[in-house]
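Chemist: The structure under discussion is supplied below as structure tokens; questions concerning it will follow.
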There are 2 protein chains.
Amino acid sequence: MFVNEMPRYEILSEEAMNTLDRGWRRIVSELGVEFMLPEAVDYFEKAGQRVEDNKVFLDPEFVLEQVAKAPSEFELQARNPENTIHVGGSSMAFAGVYGPPFVRKGVERGDAKMADFENFVRLGQSFPEIDSAGGTVVEPEDTPLDSRHLDMVYALQTLSDKPYMGSVISAENARDTIEMGKILFGGAEALGRAPVSISLINCNSPLRWDDRMLSAMLEYNRANQAVVCTPFLLMGAMSPVSVPATLVQQMAEALSGIALTQLVQPGCPVVFGSFLSNTDMQSGSPSFGTPESAIGLLCTGQIARSFDLPWRSGGGLTSSQTPDAQAAYEALMTMLPTFLAGANFVMHAAGWLEGGLVSSYEKYIVDIEILRMLKHEFKPLEVNEETLAYGAHQEVGSGGHFLGAAHTLEHFRTCFYRPLLSSTENFDRWSKNGGADTAERAGRIAQETLDGYEQPPIDDAVRDELRDYVARRRIELGDEPIPSPAF
Amino acid sequence: MFVNEMPRYEILSEEAMNTLDRGWRRIVSELGVEFMLPEAVDYFEKAGQRVEDNKVFLDPEFVLEQVAKAPSEFELQARNPENTIHVGGSSMAFAGVYGPPFVRKGVERGDAKMADFENFVRLGQSFPEIDSAGGTVVEPEDTPLDSRHLDMVYALQTLSDKPYMGSVISAENARDTIEMGKILFGGAEALGRAPVSISLINCNSPLRWDDRMLSAMLEYNRANQAVVCTPFLLMGAMSPVSVPATLVQQMAEALSGIALTQLVQPGCPVVFGSFLSNTDMQSGSPSFGTPESAIGLLCTGQIARSFDLPWRSGGGLTSSQTPDAQAAYEALMTMLPTFLAGANFVMHAAGWLEGGLVSSYEKYIVDIEILRMLKHEFKPLEVNEETLAYGAHQEVGSGGHFLGAAHTLEHFRTCFYRPLLSSTENFDRWSKNGGADTAERAGRIAQETLDGYEQPPIDDAVRDELRDYVARRRIELGDEPIPSPAF
């Protein structure tokens, strides 16, 4: 996986950091945070925090004491140990898009199906730029609703051997994810060593944690499974129309959620989450890949590091309806700051289109190219006598050409980034080859990748046990039985 | 114009900087630099440098003594004083694409005409994101070759009231540019106060300055007109396949050229130029918007600042054949580092397509949007009690919505970046409105901008004098007379 050894680009002065620090303290202590799950409120009350109904008024020092119990870095296990992820420090892990109910392929846009879900898991498995199989890579509408999470977890576990994300709809779904993790990893002991799943717990911003997601979170905390406590902030809707105001709200929400995890299970793995963009105040629609979102990203990295917490943000976000120029510049407008800020866990890193409503096959490949470029770019430059290549200058001298120089012949295969998708063909050759634009070429690469996909091997007994679990639970949940998938 | 008050992103350690410093010193002293103009060699020889034919072996300390005479910042005058540019320091000035022989509009790609030249000058005049009228915004093939520079300078001077770039084909062309500057600015005295033109002097890399460009440069130096000494470096062709080796070559070339300017006219305005990308080693074609180019850009900023020189680099570079996703991510992959590195003079900031062979109307608008976003992004974040907007949090509390909050209503018009080109329309509305992708929308905006263009006022007598000059010189240069343009 990628380790970002380049400098962090930090834009907040010490004074600004102090002002933000005062801001979140005031919010949690004076305004409080709502936890819509009584069990969660109990945890805080028993720990001596003031409670009014669902609202908890938090002592900032108490919050920081809890937060300090969370690990600053942890391992996230993959069933293939080579794909285990390190979350925190200088490491950056990438997962594909999460949540879209629609799929786009070429000019076709429609409801996402389970076949699409499987395809996006296959894409994530195929590209080394992607470290996690993801979670809800699409929301498949053609599987039974109550047991859909079982089909998704099964596909993530079997079509990929990278770490996956769990279901967060309810405590019951979280327990299913955990049980299936035990089956895949050979028992509860493995989960105790290090998490085998990471799950996205969104805050119902502003300042409210909902009961269903909280109940799922508590299950994961108790089972030592990682969670990402993420304020969901579209400025102008879920937070004020101000980046600093939104940052302190984000701190108040994320830190209060993280404090809860540590009350439930001290030392359990948790990630400071950020999903911060703004509303288009003309249309009322959410905007992505905006300057505000990039600024927020840079600040969030600096803030999360100040609490010594691993953090999640970034991705290839865009509002664009097609994988066109806007989709590309907005995606990079988010992804380059993601690298500058050194986000540890990056969701939506590939395939996000149309404000997150659509998983796009073509955009997936565009994003993979962007990731490949940035991973190349964010490697420290080695400046030494060897890389000065003085011999090449001695050989070529003035007015010559380096194409045939000995140093060039020695290094030409590996000296530069080699694109997957980008074309440098001259116009005549490009035209003669059909004049396909980037989106069209991306569609071809996506299809070729799926055609060449090979399922990672899995023990037959483990697979059968997973299938049995899914079949049994589906009936218990009241859905009609369906045949197990062929994989 | 834009002042970049954000931190610079510097990636070279002190040790790396020292290694690079040793590198350029070795090149200029041991390998030497060729100056193909005898007059230039004379300057160096008279100043005590060792010379063999066209090759000058430079004492690095002597080079630095000359370089120290160059101003670290200077004003570049516009005929409209409000558009005068500051070159250096934290200022960033932007000029459109330079040099393309072809033009692309929609699916039409063809030879560039004078009408296109005029259009791209009009676009540069229309957008406040562009600070300079540019120079060879296209290379128009339908005007007489020997007097073409007169038509171009006339169009730059009259269709725009922003600073322009001069002709560099020969000493005679440079003198024409200077004479026309005197006419426009009311005499030689104005040019002595501060330059009224800036001209691009490319090195014929590796390590050779050609006679024609040098002879043009010397004319500009003597007339106190700004020049940009730019090594032209496609790694693998004009420099070794190594970023550090290319950086030291760039230092050797740029500093030797700048030393010459200061021998000719101590204190004359000069810019440390950089045009650094790499060859696609598979196709042999030049690549743009690459990771290597971004790294080179970041390093060049740090290097130029160490010599206390204003510097030029960056732009919206791409190899893509159309204004598609690749064009956008490659352009931003260069332009975002341009801001991180704080380039002072940015050529090719709008309209560049197909490796610089094409000026694209649609890409121009894509780049304008990118510039607008980055100028918004690279403004320091004001973190204070007012921007914390605690009142908004008090008003909305938990689980509410900020759209109707008093703070939102007070700030919604100006709180966020407002796009020119990007769409946040939901899919249904976007489809109903025709489903135009970004390139199509950009084409419309370009046309609307040209339709709405208003020529900046110019004194009739000055215009007539410029016309007379062009007409007289055209005949002297042996071209057939043609009617003066309508503007």
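The values are calculated or read from the model by the stated rules, or taken from the named source; none is laboratory data. Fair warning: this is a prediction, and the values are worked out from it, not measured in the lab. Counting neighbours? That spans all protein chains shown, and the Cβs are built from the backbone with ideal geometry, glycine included. These area figures cover heavy atoms from the full protein model, side chains too; ligands, DNA and RNA do not enter into them. Shrake-Rupley method; radii C 1.70, N 1.55, O 1.52, S 1.80 Å.
Chemist: So for the protein assembly as shown: antiparallel DSSP bridges make up what percent, rounded to the nearest 5? Each step should come with its number before you reach the end.
Modeler: Working: 38 of 94 bridges.
Of the beta bridges lying entirely in the protein assembly as shown, close to 40 percent run antiparallel.
Chemist: How much area per residue is accessible in the range A:117-262 when the probe is 1.4 Å and only protein heavy atoms are counted (Å²)? Could the numbers behind the result be given before it?
Modeler: Numbers: 3080 Å² over 146 residues.
Here the residues of the range A:117-262 average 21 Å² of exposed surface.
Chemist: Any chance you could check the range A:320-339 for residues losing 20 Å² or more of accessible area when the partner protein chains are in, compared with the chain on its own (1.4 Å probe)?
Modeler: Buried-area filter returns A:GLN321, A:THR322, A:ASP324, A:ALA325, A:GLN326, A:ALA328, A:TYR329, A:LEU332, A:MET333, A:LEU336.
Chemist: Convex hull over the alpha-carbon atoms of chain A: what's its volume per residue in Å³? Display every interim value, and only then the final one.
Modeler: On the way: hull volume 86.1 nm³, N = 487.
Taking only Cα atoms, chain A has a hull volume of 177 Å³ per residue.
Chemist: Considering only C-alpha atoms, what is the centroid distance from the range B:443-466 to the range A:142-190, in Å?
Modeler: Between the Cα centre of the range B:443-466 and that of the range A:142-190, the gap is 64 Å.
Chemist: A further question on this structure: Positive end of the dipole of the range A:215-340, charges at C-beta (+1 Lys, Arg; -1 Asp, Glu), about the Cα centre: which of A:LEU297, A:ASN224, A:GLY314 has its Cα farthest in that direction?
Modeler: A:ASN224
Chemist: So if I take the centroid of the Cα atoms in the range B:1-54 and the same for the range B:287-342, what is the distance between those two points in Å?
Modeler: Cα centroid to Cα centroid, the span is 21 Å.
Chemist: Rounded to the nearest Å, what's the spacing between the alpha carbon centres of the range B:216-278 and the range B:348-392? Just the number, please.
Modeler: Their Cα centres are 28 Å away from one another.
Chemist: Related question: Which percent of the accessible area of the range B:361-487 is formed by carbon and sulfur heavy atoms (probe 1.4 angstrom)? List each step's numbers first, then the result.
Modeler: On the way: 3200 of 6590 Å².
Whole-percent figure for carbon plus sulfur exposure: 49.
Chemist: Which of the residue pairs A:LYS162/A:LYS379; A:LYS105/A:LYS363; A:LYS375/B:LYS379; A:LYS162/A:LYS182 have a Cα-Cα distance greater than 19 Å in the structure shown?
Modeler: Details: A:LYS162/A:LYS379 24 Å; A:LYS105/A:LYS363 9 Å; A:LYS375/B:LYS379 26 Å; A:LYS162/A:LYS182 16 Å.
From the list (A:LYS162/A:LYS379; A:LYS105/A:LYS363; A:LYS375/B:LYS379; A:LYS162/A:LYS182), the Cα-Cα distance tops 19 Å for A:LYS162/A:LYS379; A:LYS375/B:LYS379.
Chemist: Here's something else I'd like to know. Under a plain spin-label model, where a point goes 7 Å from the Cα along Cα-to-Cβ, how far apart in nm are B:ILE482 and A:ASN80?
Modeler: It works out to 6.3 nm between the two label points.
Chemist: Next up: So which residues of the range B:420-465 lose at least 30 Å² of accessible area, probe 1.4 Å, when you go from the chain by itself to every protein chain present?
Modeler: Going by heavy-atom accessible area, the residues of the range B:420-465 that drop by at least 30 Å² are B:SER422, B:SER423, B:THR424, B:PHE427, B:TRP430, B:THR438.
Chemist: A follow-up question, please. When DSSP assigns beta bridges and you keep just the ones with both residues in chain A, what percent turn out antiparallel, to the nearest 5? Write out the running numbers ahead of the final one.
Modeler: Details: 19 of 47 bridges.
Expressed as a percentage, antiparallel bridges in chain A total about 40.
Chemist: Given a Förster distance of 51 Å, report the FRET efficiency between B:GLU385 and A:THR414 from their Cβ-Cβ distance, rounded to the nearest 0.05. Don't skip to the answer; put the middle values down first.
Modeler: Working: r = 54 Å, r/R0 = 1.05.
The formula returns an efficiency of 0.45 here.
Chemist: Here's something else I'd like to know. Starting from the range B:1-58, pick out the chymotrypsin sites (Phe, Trp or Tyr not before Pro) whose DSSP state is loop and whose Cβ has at most 13 other Cβ atoms within 10 Å.
Modeler: none
Chemist: Which lysines have a Cα lying under 24 Å from the Cα of B:LYS55, excluding residues fewer than 8 positions away in the same chain?
Modeler: B:LYS46, B:LYS69
Chemist: What number does the range A:1-150 give for Rg over Rh if you use C-alpha atoms and the Kirkwood radius? List each step's numbers first, then the result.
Modeler: Working: Rg = 21.3 Å, Rh = 19.8 Å.
Taking Rh as the inverse mean 1/r over Cα pairs, Rg/Rh reads 1.08.
Chemist: Enter the buried accessible area of the A/B pair, total of both sides, probe 1.4 Å, in Å² rounded to the nearest 100.
Modeler: Working: alone 21020 and 21060 Å², together 32600 Å².
For A against B, buried area totals roughly 9500 Å².
Chemist: I'd like the Kirkwood hydrodynamic radius of the range B:170-322, using the inverse of the mean 1/r over distinct C-alpha pairs, in Å. It would help to have the intermediate numbers written out before the result.
Modeler: On the way: mean 1/r = 0.0616 Å⁻¹.
Over the range B:170-322, the inverse of the mean reciprocal pair distance is 16.2 Å.
Chemist: So if I average 1/r over every pair of distinct C-alpha atoms in the range B:242-325 and take the inverse, what Kirkwood radius in Å does that give? List each step's numbers first, then the result.
Modeler: Values: mean 1/r = 0.0703 Å⁻¹.
With all distinct Cα pairs of the range B:242-325 included, I get 14.2 Å.
Chemist: So, one more: Would you please classify the overall shape of the range B:80-233 from the alpha carbon gyration tensor, given that a ≥ b ≥ c denote the square roots of the eigenvalues, rounded means a/c under 1.5, and beyond that prolate means a/b larger than b/c while oblate covers the rest? Present the calculation step by step, with values, prior to reporting the outcome.
Modeler: Details: a/c = 1.39, a/b = 1.15, b/c = 1.21.
Rounded, because the longest to shortest axis ratio a/c is under 1.5.
Chemist: Another question, if that's okay. Show me the ranking of peptides B:89-96, A:428-435, A:93-100 by mean Cβ neighbours inside 10 Å, starting with the highest. It would help to have the intermediate numbers written out before the result.
Modeler: Numbers: B:89-96: 22.9, A:428-435: 11.6, A:93-100: 25.5.
Averaged packing, sorted descending, gives the order A:93-100, B:89-96, A:428-435.
Chemist: Related question: If you place +1 on the Cβ of every Lys and Arg and -1 on the Cβ of every Asp and Glu, how big does the dipole about the Cα centre of chain B come out, in debye to the nearest 20? Could you put the intermediate results ahead of the total?
Modeler: On the way: 39 positive and 68 negative charges, 48 e Å.
With Lys and Arg at +1 and Asp and Glu at -1, about 240 debye.
Chemist: What is the mean projected area of the alpha carbon convex hull for the range B:380-438, to one decimal in square nanometres?
Modeler: 6.3
Chemist: Within chain B, what is the longest stretch that has no GluC sites (Glu not before Pro) placed in a DSSP loop and near at most 13 other beta-carbon atoms within 10 Å? It would help to have the intermediate numbers written out before the result.
Modeler: Details: sites that count: B:GLU5, B:GLU382, B:GLU454.
That gives B:6-381 as the longest site-free run.
Chemist: Let me ask something else. Could you state, as a whole-number percent, how many of the C-alpha pairs of the protein assembly as shown are farther apart than 39 Å? Mind showing how you got there, number by number?
Modeler: On the way: 218697 of 473851 pairs.
It works out to 46 percent of all Cα pairs.
Chemist: Also, I was wondering about something else. May I ask for the percentage of alpha-carbon pairs in the range A:239-388 that lie more than 22 Å from each other? Before the final figure, lay out the partial values.
Modeler: On the way: 5127 of 11175 pairs.
For the range A:239-388, the fraction of Cα-Cα distances above 22 Å is 46 percent.
Chemist: Principal axes first, then extents: for the Cα atoms of the range A:330-472, list largest minus smallest coordinate on each axis, whole Å, largest first.
Modeler: Between the extreme Cα coordinates on each principal axis of the range A:330-472 lie 76, 40, 33 Å.
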